[in-house]
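Novice: Below is a structure I'd like to ask you about.
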Amino acid sequence: EDIVFRAICVNLKHRRWKFLDQVFPSLTNALVSRVVGEFQNSPQLALEFYDWFGEKKGFPLSLTSRCALIHVLVKSRRFDDALSIMEKLIHVNGMTPMEVLDGLLDSYEICKSCPAVFDALVRACTRCGATEGAYLVIKKLRMEGRLVTIHAWNNFLSQLLKLNEIARFWNMYKEIISYGYIENLNTFNLVVYALCKECKLLEAISTFYRMLKSGILPNIVTFNMIIDGACRVGGIELALKLVEKMGVMSENFVSPNTVTYNSIINGFCKLGKVAFAEEVLNDMIKAGVKPDVRSYAAMIDGYARGGCLEEALRLCDEMVERGLMPNTVVYNSILHWLYSEGDIGGSSLVLSDMIDKHVFPDQFTYSTLIQGLCRNGYVMQAFKFHCQIMEKNVIEDTFSHNILINYLCKSNDLSGAVQLVGSMFIRGLIPDLVTYGALIDGYCKEGKLGSAVWVYEKMKVEKKPNIVIYNSILNGLCKEMSMDAARRMIDSLKSLGLPDAITYNTLINGYCSCGNMDEAFSLLMEMRKVGRFVNTVTYNTLINFLCKCGCIQQAKELTKRMVLEGLIPDFITYTMLITCSAKNCSADEVIELHDSMVLNGVVPYQQTYQAIVRPLLGEENEETRGTYQVKIQEATIQRLPLQKGPIKIAPGSIVTMSCSNLTMWVSSKPSLSDTSSLSFRSFISPFQLPSQSSTPGNPSRSSSVTPVHCGLRELRDRIDSVKNTQKITEAMKLVAAAKVRRAQEAVVNGRPFSESLVEVLYNINEQLQTEDIDAPLTNVRPVKKVALVVVTGDRGLCGGFNNAIIKKAEARIAELKQLGLDYTIISVGKKGNSYFIRRPYIPVDRFLDGSSLPTAKEAQAIADDVFSLFVSEEVDKVELLYTKFVSLVKSDPVIHTLLPLSPKGEICDVNGVCVDAAEDEFFRLTTREGKLTVEREVMRTQTADFSPILQFEQDPVQILDALLPLYLNSQVLRALQESLASELAARMSAMSNATDNAQELKKTLSIVYNRQRQAKITGEILEIVAGANALV
């Protein structure tokens, strides 16, 4: 054997495989192990010898021989080759991880191996999916007195996260800590990833800081996981802040990459802010980071989801121009939304383009096509297409079958659905829960409960039913009036913890159908005790039963109870109550019920309102009873914020409008004949009034009525639309009037405190000029850069409010440029944000959204940003631009010097030139006889100055450190309150003017309508008379 061993070693060094073939019959497992051990320093030869041996048949290698080679490969750090052999042992040879571990332990001392071989075994187990085997290996090694490294634990924890076994992950993590392991970068990353998967963002950030305290610098993976987690929970501002501070936190070792920007883009798209996502894409390109297909795919889906398919297709073209080819995911998204809008032609063009560019459809593409064809009524084409793809064997799942089966069941073609299920078995596809659920639901709706139970029994053998299937069976039992069986079924489901709101609502509907009202209300009380399942559908079911029984008073009481529990009745509740009241109550009671529901936030259903309520109001009283419609619009506006684009309240509801259609004549009431001055031109189209000449200085209204070239029906529609517009603007005026009073009180109540605080600070600052202190916010230094905090509104329809403050900012920017100073903007308010986003040449430090009610927390966020900019000397002066509230009819855009606190009244640049704004409101802020004055030369309120020999009990620095943050917050909060009050006052004025103009336009159109109708009647009479004369 020694002679053969030496001969093999000599010839193996020279790779003489023919000689080895001759000595193959003499080889044994012990000899193979000796040869492998001999070539420990030449692992490539040992691996080639193993591969050569594996090609031979008739002589299986033992576990000992393979373990010897594994030891050699691990010692030489050829981990991939070692992992490959271990995976073959587990997968191909059918050995358990414990058997492989025994083999490695037996040959460990002989081969003089290292502990890394056990880490490699754990990793091989996780790669093979043998998670439990990996844990058993770790436990046995611990019992043997051998510990795996933290790297093996990390592999095991990573596998648990891939399997979504979060609870077990935390148990194993606690076990690692209890064993005394020291966490490394990968361990922290796994913990952060697990927390982000559970949407525990604060805990993830806490782990991040614990990681920094441990002296471990995060890598790009750490940042990307937290950024992605923040975007998933809507914390887009936190994600942007992390990107901004990434270099500082990582000591400039980490910078954003494509994954980072993709996470932020995806976050904006999920919030519906695709325009912001596109801005991020542009910043990404400017930063030198190349976007990939995923960057565009998220925005394309976002635009398509919002109905902007043209923008989505534009991005597709942009992708191609940048050398990126749209993949299957992009095409699937566009196809889905085209089919959703019923654009079959557009879908066909996109599919053709997909084929031309050799982008191969996947199973989702085929399913999207089948579902789109069925949804748009092309059922035969869907089945033909399904047969074609089945013949080509390109579908391997049941998704497309389920779409067709579900459609057949909804069309009551159960026999066709059963045949399709049979074809699935023939093709080797096993039906899933969705397949069985569609069949069971179809049989139950057809009243074939026996067939549904038969399918259920067949399904239980292979699949575990879910709550959807149980609800379908429960619905069938209720339709068959088998309420005892239905109740026993719910009791069984409660023991399993499965029932949901649909389960209980189905049973309540069954009791109501049987007339068993006591059981229905008893079940309602049971649902209230649980506290999770009572919803609007529950109450609608009971209200519907009461209305059918004619118990209108009980139905009204139940509605009141519904409102008290925080549930808003919907248009179904409205229709049931109004219809029942119309049958059983007087007209006044119906109108009173209508009013009370509208005031409770209900949006009336259009058909119900037009058919029942409107005739009760009467055509002749429409002018005086217009307040009912105003209440409807006001309730709708209070529930839904104004936004660009169509505002759809509910299917068939009264209000469906666009912000561009709202009338807003703010400055002066223009001539009705001058359509160039109308701000709702799109609303009055296609029946616009032709313009007439009028002098600019005399916008008087023409006494004559301009002819309108359209029919009587169009004029009636036009008059109705103007009426609706008038009611909307009137409601908006009332809402603004209600809110402006609270805002005005907040402004007036906050002014004395703000002014007194400023005076105290200035007096203290003057007394401290001779003291040797360092207060950063009072340091006056030569101005090189100025920060402008521009406060605008979040909504439009408020006249020139937003334009005035933006023009003020533009003028100040021009002054700073003329002085040769740099500047940056902090934009507060959505209108200002959109303005500056569209102008990338204006440097903006931060974008902040406003709110309907300014709070100290929002002011704190702005003050913190201002503080950091000034103290870090990024800027040398901070100015606050906002609209000062003077009265309900007047507001002035002003500039307020926020920082630094200067007792001299002016701040100069490096050349000694004064850079204070000519209308700096801070130096005009005084009070005289309880009223504000605006003289710049008066710097303080009429209060006594501090004594010049004043001594401070505490350290002056401590006093300033306590007062200055309060000063910043109070000044910013005051500006936000003043701006909000000004905005609401401007909106109230604008809507008042718009209402007046709509009223005049309605009168003008009514005159035109009456004249045309009279002319038509006169013409018909003349034709009759002429015909009669001809006969005579």
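Each row is one residue, and each column tells you yes or no for (1) surrounded by fewer than 20 Cβ atoms within 10 Å (Cβ to Cβ); (2) of a type in the set (Lys, Arg); (3) at pLDDT 85 or above; (4) part of a loop (DSSP other than H, G, I, E, B).
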position: 58; (1), (2), (3), (4): yes, no, no, yes
position: 100; (1), (2), (3), (4): no, no, yes, no
position: 111; (1), (2), (3), (4): no, no, no, yes
position: 121; (1), (2), (3), (4): no, no, yes, no
position: 134; (1), (2), (3), (4): no, no, yes, no
position: 148; (1), (2), (3), (4): no, no, yes, yes
position: 151; (1), (2), (3), (4): yes, no, yes, no
position: 157; (1), (2), (3), (4): no, no, yes, no
position: 161; (1), (2), (3), (4): yes, no, yes, no
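Novice: Pairs under 7 Å by beta carbon, first residue under 17 Å from residue 750 (Cα atoms) in the stretch 854-877, partner of a type in the set (A, V, I, L, M, F, W, C) and surrounded by 14 or more Cβ atoms within 10 Å (Cβ to Cβ), six or more apart or different chains?
Specialist: Pairs that qualify, where the first residue is under 17 Å from residue 750 (Cα atoms) and the partner is of a type in the set (A, V, I, L, M, F, W, C) and surrounded by 14 or more Cβ atoms within 10 Å (Cβ to Cβ), are 854/973; 854/976; 854/980; 856/973; 858/976; 859/972; 859/973; 859/976.
Novice: Could you tell me which of the residues 884, 857, 890, 877 is over 32 Å from the mean Cα position of the chain (by Cα) and over 21 Å from residue 982 (Cβ atoms)?
Specialist: Numbers: 884 fails: over 21 Å from residue 982 (Cβ atoms); 857 fails: over 32 Å from the mean Cα position of the chain (by Cα); 890 fails: over 21 Å from residue 982 (Cβ atoms).
Result of the check over 884, 857, 890, 877: 877.
Novice: Which condition breaks for residue 766 when tested against (1) over 26 Å from residue 961 (Cα atoms); (2) charged (D, E, K, R); (3) at pLDDT below 70?
Specialist: Answer for residue 766: the failing condition is (1).
Novice: When the residues of the stretch 722-755 are filtered to those that are modelled with pLDDT under 75 and polar (S, T, N, Q), which remaining residue is farthest from the chain's Cα centre (by Cα)?
Specialist: Here the answer is 754.
Novice: Among residues belonging to the stretch 291-315 that are crowded, with 17+ Cβ neighbours inside 10 Å and acidic (Asp, Glu), point out the one that is farthest from the chain's Cα centre (by Cα).
Specialist: Result: 311.
Novice: Counting only residues that are touching a residue at least 40 places away in the same chain (Cβ under 8 Å) and not basic (Lys, Arg), how many does the stretch 134-164 have?
Specialist: Within the stretch 134-164, residues that are touching a residue at least 40 places away in the same chain (Cβ under 8 Å) and not basic (Lys, Arg) number 2.
Novice: Right, something else. Which of (1) closer than 20 Å to residue 256 by Cα; (2) in a helix (DSSP H, G or I) is the odd one out, the single condition residue 172 does not satisfy?
Specialist: (1)
Novice: Answer yes if at least one residue in the stretch 388-395 is assigned to a helix (DSSP H, G or I) and in contact (Cβ under 8 Å) with a residue 24 or more places away in the chain, and no otherwise. Write out each step before concluding.
Specialist: So in the stretch 388-395, the residues assigned to a helix (DSSP H, G or I) come out as 388-391.
Those left that are additionally in contact (Cβ under 8 Å) with a residue 24 or more places away in the chain: 390.
Within the stretch 388-395 (the criterion being assigned to a helix (DSSP H, G or I) and in contact (Cβ under 8 Å) with a residue 24 or more places away in the chain), the answer is yes, since at least one residue qualifies.
Novice: Which one is nearest to residue 590 (Cα to Cα), of the residues in the stretch 510-566 that are hydroxyl-bearing (Ser, Thr, Tyr) and out of contact with any Cys (no Cβ under 9 Å at 6 or more places or on another chain)?
Specialist: Initially, the stretch 510-566 is screened for residues hydroxyl-bearing (Ser, Thr, Tyr), giving 511, 513, 522, 536, 538-539, 541, 559.
Narrowing the set further to residues that are out of contact with any Cys (no Cβ under 9 Å at 6 or more places or on another chain) leaves 522, 536, 538-539, 559.
On the way: 522: 30, 536: 22, 538: 24, 539: 20, 559: 15 Å.
It comes out as 559.
Novice: Of the residues 466, 475, 412, which is surrounded by 14 or more Cβ atoms within 10 Å (Cβ to Cβ) and under 28 Å from residue 512 (Cβ atoms)?
Specialist: Working: 466 fails: surrounded by 14 or more Cβ atoms within 10 Å (Cβ to Cβ); 412 fails: surrounded by 14 or more Cβ atoms within 10 Å (Cβ to Cβ).
475 is the lone residue from the list that is surrounded by 14 or more Cβ atoms within 10 Å (Cβ to Cβ) and under 28 Å from residue 512 (Cβ atoms).
Novice: Evaluate the stretch 576-590: report whether one residue or more is in contact with a strand residue (DSSP E or B) (Cβ under 9 Å, 6 or more places away or on another chain) and modelled with pLDDT of 80 or more.
Specialist: Taking the stretch 576-590 as the starting set, the residues that turn out to be in contact with a strand residue (DSSP E or B) (Cβ under 9 Å, 6 or more places away or on another chain) are 578.
Pick out the ones that are also modelled with pLDDT of 80 or more and you get 578.
For the stretch 576-590, residues in contact with a strand residue (DSSP E or B) (Cβ under 9 Å, 6 or more places away or on another chain) and modelled with pLDDT of 80 or more: present.
Novice: Taking residue 291 as meeting all but one of (1) assigned to a helix (DSSP H, G or I); (2) under 30 Å from residue 339 (Cα atoms); (3) in contact with a Ser or Thr (Cβ under 9 Å, 6 or more places away or on another chain); (4) not polar (S, T, N, Q), write down the number of the exception.
Specialist: Residue 291 satisfies every listed condition except (1).
Novice: Hey, among 567, 496, 477, which residue is at pLDDT 80 or above, over 30 Å from residue 601 (Cα atoms) and not charged (D, E, K, R)? Break it down into steps so the answer makes sense when it comes.
Specialist: Numbers: 567 fails: over 30 Å from residue 601 (Cα atoms); 496 fails: at pLDDT 80 or above.
Selected residue: 477, the only one of 567, 496, 477 that is at pLDDT 80 or above, over 30 Å from residue 601 (Cα atoms) and not charged (D, E, K, R).
Novice: Next question. Taking helices (runs of 4 or more DSSP H) that fall entirely within the stretch 461-556, which contain at least 3 residues that are within 27 Å of residue 581 (Cβ to Cβ)? Let's see the steps before the verdict.
Specialist: Details: elements: 467-479, 483-496, 501-514, 517-530, 536-548.
In the stretch 461-556, the matching helices (runs of 4 or more DSSP H) lie at 501-514, 517-530, 536-548.
Novice: How about the stretch 279-326: which of its residues are in contact (Cβ under 8 Å) with a residue 24 or more places away in the chain and of a type in the set (Gly, Ala, Ser)?
Specialist: 287, 295, 297, 298, 302, 304, 306, 307, 312
Novice: Follow-up. Filter the stretch 525-534 down to residues that are surrounded by fewer than 16 Cβ atoms within 10 Å (Cβ to Cβ) and either over 33 Å from the mean Cα position of the chain (by Cα) or not small (Gly, Ala, Ser) (or both), then give me how many there are. Please lay out each step first, then the result.
Specialist: Pass one, the stretch 525-534, residues surrounded by fewer than 16 Cβ atoms within 10 Å (Cβ to Cβ): 525-526, 528-532.
Then keep just the ones that are either over 33 Å from the mean Cα position of the chain (by Cα) or not small (Gly, Ala, Ser) (or both); that gives 525-526, 528-530, 532.
Qualifying residue count for the region: 6.
Novice: Taking residue 848 as the residue in question, decide whether it is of a type outside the set (S, T, N, Q) and touching a residue at least 40 places away in the same chain (Cβ under 8 Å). Before the answer, list the steps.
Specialist: Values: of a type outside the set (S, T, N, Q): yes; touching a residue at least 40 places away in the same chain (Cβ under 8 Å): no.
Criteria not met by residue 848.
Novice: With 329, 359 as the choices, which residue is surrounded by fewer than 21 Cβ atoms within 10 Å (Cβ to Cβ), within 28 Å of residue 278 (Cβ to Cβ) and at pLDDT 85 or above?
Specialist: 329
Novice: Also, quick follow-up: Looking at (1) crowded, with 19+ Cβ neighbours inside 10 Å; (2) at pLDDT below 85; (3) not charged (D, E, K, R), can you tell me which one residue 542 breaks?
Specialist: (2)
Novice: Kindly provide the set of residues from the stretch 568-601 that are free of Cβ contacts under 8 Å to residues at least 12 places away in the same chain and either closer than 15 Å to residue 558 by Cα or small (Gly, Ala, Ser) (or both), ordered by number.
Specialist: Across the stretch 568-601, the qualifying residues are 586, 596.
Novice: Let me confirm something: among 316, 374, 308, 409, which residue is modelled with pLDDT of 80 or more and touching a Pro at 6+ places or on another chain (Cβ under 9 Å)?
Specialist: Values: 374 fails: touching a Pro at 6+ places or on another chain (Cβ under 9 Å); 308 fails: touching a Pro at 6+ places or on another chain (Cβ under 9 Å); 409 fails: touching a Pro at 6+ places or on another chain (Cβ under 9 Å).
Exactly one of 316, 374, 308, 409 is modelled with pLDDT of 80 or more and touching a Pro at 6+ places or on another chain (Cβ under 9 Å), namely 316.
The values are calculated or read from the model by the stated rules, or taken from the named source; none is laboratory data. Computed from a predicted model, the values in this text were never measured in an experiment. Note that we place each Cβ from the backbone using ideal geometry, even for glycine, and neighbour counts take in every protein chain shown.
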